Structure formats: C-alpha cells, structure tokens
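The values are calculated or read from the model by the stated rules, or taken from the named source; none is laboratory data. All of these numbers come straight from a predicted model, not from anything done at the bench. Glycine gets a Cβ as well: all are built from the backbone with ideal geometry, and neighbour counts include every protein chain shown.
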Amino acid sequence: MLGMLFNDKECRELDYLLRKELDEMLLDLSDNRLDHDIRSAIAKRYTTVFRMYARFAPPKELSKYARRHGFRRPNHNGVNG
C-alpha cells in the first residue's frame, strides 16, 4: 500500500485525469474493430483505474463509469454472441 498527500488543486487534476482515462477506455471497449485480446487488456486496466477513481469519487459520478456488462466475443461465424 502506498499513501500520498495531495492539495486541493492536485486532487482536482487527478480526478480529471482518471475521468478522461476512463472515458477513453470506454470508447475503446465499444470499438468492435479491436481484437479480443486487446479489449481484454483494456478491460483489466479499466478495472484498476475505476477502483482508483472509486476511492474518492462521489457515488453519482462513479455511477457514470460503472460497467454494466463485459464485451462480447465474436463466435466462429463472426457474429457476436
């Protein structure tokens, strides 16, 4: 475990950075052109960043980034399933 102290301005900056990173990863996860392995790696990273954000974000803000489901893996016919 690592502890850090931030002033108010630094906390706002960290909040902004984490939200922007979550937004980018959500966009990438919705891109069906990406390979399953790449999307899986992004999903794992999303979980890590989301947990960081969850430590100080208000519940209303946090609910915007909660993933309701995983991504679908194409079957052998190329159809999502």
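Numerical summary
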read-out: Residue list for the range 1-30, filter: in a loop (DSSP other than H, G, I, E, B) and surrounded by 11 or more Cβ atoms within 10 Å (Cβ to Cβ); value: PHE6
read-out: ARG33, sole failed condition from (1) over 8 Å from the mean Cα position of the chain (by Cα); (2) surrounded by 14 or more Cβ atoms within 10 Å (Cβ to Cβ); (3) not in a helix (DSSP H, G or I); (4) not aliphatic (A, V, I, L, M); value: (2)
read-out: Candidate set from the range 46-61 (those that are at pLDDT below 95 and among the aliphatic types (A, V, I, L, M)); member that is surrounded by the most Cβ atoms within 10 Å (Cβ to Cβ); value: ALA57
